[in-house]
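Working notes, beginning with the structure itself.
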Amino acid sequence: MLPFSYALRNLFRDPARLAQTVGGSALVVLLLVAAVALNQGMDRVLATSGSSKNVILMGKGSEESIERSEVHLEAEAAAATSIRGLDSQLGVSAISGEIFYQAPLETESGNVEQALFRGVLESALLVHSTVRVLEGRFPQSGEVMVGHLAHRKLGVDAEQTAIGKILKFEDASFTIVGIFEAPSTVLESEIWFDRNDLAAITQRDTLSSITLRMDSAEFDDVEIFTFQRNDLELSAIREDSYYEKLSIFYKPIKMMTWVTAALVAAGAVFGGLNTLYAAFAARVTEMATLQSIGFTRGALFVSLIQESLLATLTGTLVAFVTAYFLLDGLTIPFSVGTFSLTLTPMVIGVGLVAGFLLGTLGTLPPAFRCLAPALPSALRSH
Amino acid sequence: MKNLIEIKDATKSFHKNKETITPLDKLSLDVGRGEFLSLMGPSGSGKTTLLNLIAGIDSPTSGEILINGNDIAKLSRSQLTRWRAQHVGYIFQLYHLVPILSAYENVELPLLLGKWTKAERKAKVMAALDLVKLSDRAQHRPSELSGGQEQRVAIARAIVHDPELLVADEPTGDLDRESADSILRLLGDLAEKHGKTIVMVTHDPKASAAAHRALQLEKGKLVGEGHLLSH
């Protein structure tokens, strides 16, 4: 076998080629890492937003969208009294009738951006168990509580959604009195209003949905309730199933991410292949000389692979460092919330595999072409 | 003198554009152990083809190539590669040194295929470089050496693993007269003092004259022998 140092030193034979190979593989890996992190982040936020213990009651026929759903106000009390085995705290049933609304919101800085509103009462904290008030308190009339990533959805600095700041919706002003977190859920991008305020300002006399947290009750119990109270025109869906459906809705977007990443990566791969072809073609005589000395094609092939792997894995490292500084923790707003990009072990694993495949599979064609010519003719080529 | 090389009816042919080309046609040849043989002839006469067959770089279409009694024409490609690693040193016209390696590392290459320790390799490399009078240039890269020095490094690389057979393809073809004479003296010494069997292809009558015996090839056949033919 040729010493590893031969592969290492060959890397620096042509610094421009090295930079091109490292840069190309870094770009491919970075794109893949970004695509995987993006898809994983979106999947994670949608998967963790729903609880298997929660059931959502929505208006029949509008199961696809909470925004379009309308539920009679009396359905909340009816559900609380009719469905046995709901979770409760201090005698208060874990049931939360909510109004969900999307509309432009103006911050103190004058920035107007589409925002996600949820009109709630304090009972919302009983069903949305991941919500923790980080600062301040639950809102009363004329006040709002914001998710700690709401500023990302609004496209403003975090200080624009700090406690004491004013948010304007329609002609009314609301003071921020609380900031909450609900790790890795869409709730973190929302702005929570007092339910009656939101009902008044949106001129609604109905709820969007009712969320129930089950203790000993089962989904069937809730569904039976919807059948028994046919007059309320309700439909029940598990909260986790609802977000799973939403996830399917975002499939085309995820597909687009993959296609874009694949197209750019393909360009980089072909560019890299071209570079390797040119680099290896210039070494046909050298490879033939080494074969004439007694090195087998296999040994030379391994050396070429080592050389390429060194370059592509260096590119992979560059991609990881870039991703760490540019992507890791980056929050991205989308229609129903905000998700964050995280360099999880899976994302890093995909990047490593991509770097490895670039260095091995990507090297196969140029390496074969370099080692294929018959020795007598290869020794004469210059 | 017992023969190291015995070639019997070796033919090499290949097809090109529906035409059969025969660079070597039923050629037979014996080369004695420790003999310095030169092959001369016009371009296309088959001398490099013959050299490649002797070196195990190429295989004949038919015939026998016996080296030390072993018919290398019957060896597979991988067997030939292993055989070359032990028995042949190849010297090229354009030296073919690996540019990123120092003279020392270039000479060390054939030893990496054996089971020598690092210390043993060092001793052999330095002995080979000493023999070609380049031990003071061991750490120089090919780009830092003259053509003559590069060819000396290539010769050191060819002899470092102590093969019984050296093949040289126009070893002085790219050198000035002074360097060429120096290389020819070195090859002569390797045959005379170290018992190496050397087969050299050359166009240069003066280079050919340095050999014990000169053979003339034309159209794939031996057409003459002796030094007088080259003068």
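The values are calculated or read from the model by the stated rules, or taken from the named source; none is laboratory data. Fair warning: this is a prediction, and the values are worked out from it, not measured in the lab. Don't worry about glycine lacking a Cβ; one is built from the backbone with ideal geometry, like all the others, and counts go over all protein chains shown. Each accessible area value is taken on the protein alone, full model and side chains, heavy atoms only, with ligands, DNA and RNA left out. Shrake-Rupley method; radii C 1.70, N 1.55, O 1.52, S 1.80 Å.
Summary of computed values
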{"read-out": "Cα pair distances of region A:61-232 binned at 10 Å [whole percent]", "value": "10, 38, 34, 15, 4, 0"}
{"read-out": "For region A:285-316, residues shielded by at least 40 square angstrom of accessible area compared with the chain on its own, probe 1.4 Å", "value": "A:Thr289, A:Ser292, A:Ile293, A:Gly294, A:Phe295"}
{"read-out": "DSSP-defined beta bridges in the protein assembly as shown - what % are antiparallel, rounded to 5", "value": "70 percent"}
{"read-out": "Heavy-atom accessible area order for A:Thr316, A:Thr257, A:Thr296, largest first, 1.4 Å probe", "value": "A:Thr296, A:Thr257, A:Thr316"}
{"read-out": "Calculated log₁₀ intensity ratio I(q)/I(0) where the Debye formula runs over C-alpha points of region B:1-88, q = 0.13 Å⁻¹", "value": "-0.42"}
{"read-out": "Distance between region B:64-86 and region B:171-194 - C-alpha centres, whole angstrom", "value": "27 Å"}
{"read-out": "Viscosity 1.306 mPa s, temperature 10 °C, Stokes-Einstein D of region B:1-147 from Kirkwood C-alpha radius, µm²/s", "value": "90 µm²/s"}
{"read-out": "Mean separation of Cα contacts under 8 Å, 6 or more apart, over the residue count of chain A: relative contact order %", "value": "29 percent"}
{"read-out": "Helical segments meeting 18 Å axial Cα length and Kyte-Doolittle 0.0 threshold in chain A (DSSP H)", "value": "A:15-49, A:251-281, A:297-326, A:345-360"}
{"read-out": "Rounded to the nearest 10 Å², the accessible area of A:Leu18 at probe 1.4 Å", "value": "30 Å²"}
{"read-out": "Accessible area in the full protein assembly, largest first, 1.4 Å probe, for A:Phe270, A:Phe219", "value": "A:Phe270, A:Phe219"}
{"read-out": "Local electrostatic count, B:Val125, Cβ distance below 15 Å [Lys/Arg +1, Asp/Glu -1]", "value": "+2"}
{"read-out": "A:Glu188 accessible area, assembled protein chains, probe 1.4 Å, Å²", "value": "10 Å²"}
{"read-out": "Taking chain B and dividing mean pair separation by its residue count, relative contact order in percent (alpha carbons under 8 Å, at least six apart)", "value": "28 percent"}
{"read-out": "Net charge of Cβ neighbours under 10 Å - reference A:Gly142; Lys, Arg +1; Asp, Glu -1", "value": "-3"}
{"read-out": "Kirkwood Rh in Å, taken over region A:308-371 so that all alpha-carbon pairs contribute", "value": "13.5 Å"}
{"read-out": "Solvent-accessible surface (1.4 angstrom probe) belonging to B:Glu178, in square angstrom, nearest 10", "value": "150 Å²"}
{"read-out": "Cα-based reach from A:Lys60 at 19 Å (exclusive), listing lysines while leaving out same-chain residues under 8 positions away", "value": "A:Lys245"}
{"read-out": "q = 0.12, 0.14 Å⁻¹, region A:1-75: log10 I(q)/I(0) [Debye, one scatterer per Cα]", "value": "-0.64, -0.73"}
{"read-out": "Principal axis box of region A:107-152, alpha-carbon based, largest edge first, Å", "value": "34, 22, 19"}
{"read-out": "Equivalent-ellipsoid semi-axes of the protein assembly as shown, from the Cα gyration tensor, Å, largest first", "value": "85, 23, 18"}
{"read-out": "Viscosity 0.890 mPa s, 25 °C: Kirkwood-radius Stokes-Einstein D of region A:134-185 over Cα pairs, µm²/s", "value": "220 µm²/s"}
{"read-out": "Radius of gyration and Dmax over the Cα atoms of region A:143-257, both given in Å", "value": "17.8, 49"}
{"read-out": "Most mobile of A:Pro252, A:Pro139, A:Pro366 in a GNM of chain A (Cα contacts under 10 Å)", "value": "A:Pro252"}
{"read-out": "Unit charges on C-beta of K, R, D, E only; dipole of chain B, Debye", "value": "560 debye"}
{"read-out": "Accessible surface of chain A, 1.4 Å probe, proportion on carbon and sulfur as whole %", "value": "60 percent"}
{"read-out": "Spatial separation of Cα centroids for region A:165-226 and region A:58-121, in angstrom", "value": "4 Å"}
{"read-out": "Tail weight of P(r) past 19 Å, computed on alpha-carbon pairs of region A:204-278, percent", "value": "63 percent"}
{"read-out": "Complex-versus-alone comparison for region A:1-26, residues with a loss of 40 Å² or more in accessible area, probe 1.4 Å", "value": "A:Tyr6, A:Arg9, A:Arg13"}
{"read-out": "Helix-only CD estimate at 222 nm, as mean residue ellipticity for chain A, using -39500 (n - 2.57) per DSSP H run (n ≥ 4)", "value": "-16000 deg cm²/dmol"}
{"read-out": "Formal net charge of residues neighbouring A:Pro373 (Cβ-Cβ distance under 14 Å; K, R +1; D, E -1)", "value": "+3"}
{"read-out": "Mean accessible surface per residue for the protein assembly as shown, computed with a 1.4 Å probe while every protein chain stays in place, in Å²", "value": "44 Å²"}
{"read-out": "Accessible surface buried upon A-B contact (total; probe 1.4 Å; Å², nearest 100)", "value": "2000 Å²"}
{"read-out": "Total charge dipole magnitude, region B:156-231, about the Cα centre, Cβ charges on Lys, Arg, Asp, Glu only, Debye to nearest 20", "value": "200 debye"}
{"read-out": "Accessible carbon and sulfur surface of chain B relative to its total accessible area, %, 1.4 Å", "value": "48 percent"}
{"read-out": "Region B:106-231, Cα convex hull volume normalised per residue, Å³", "value": "121 Å³"}
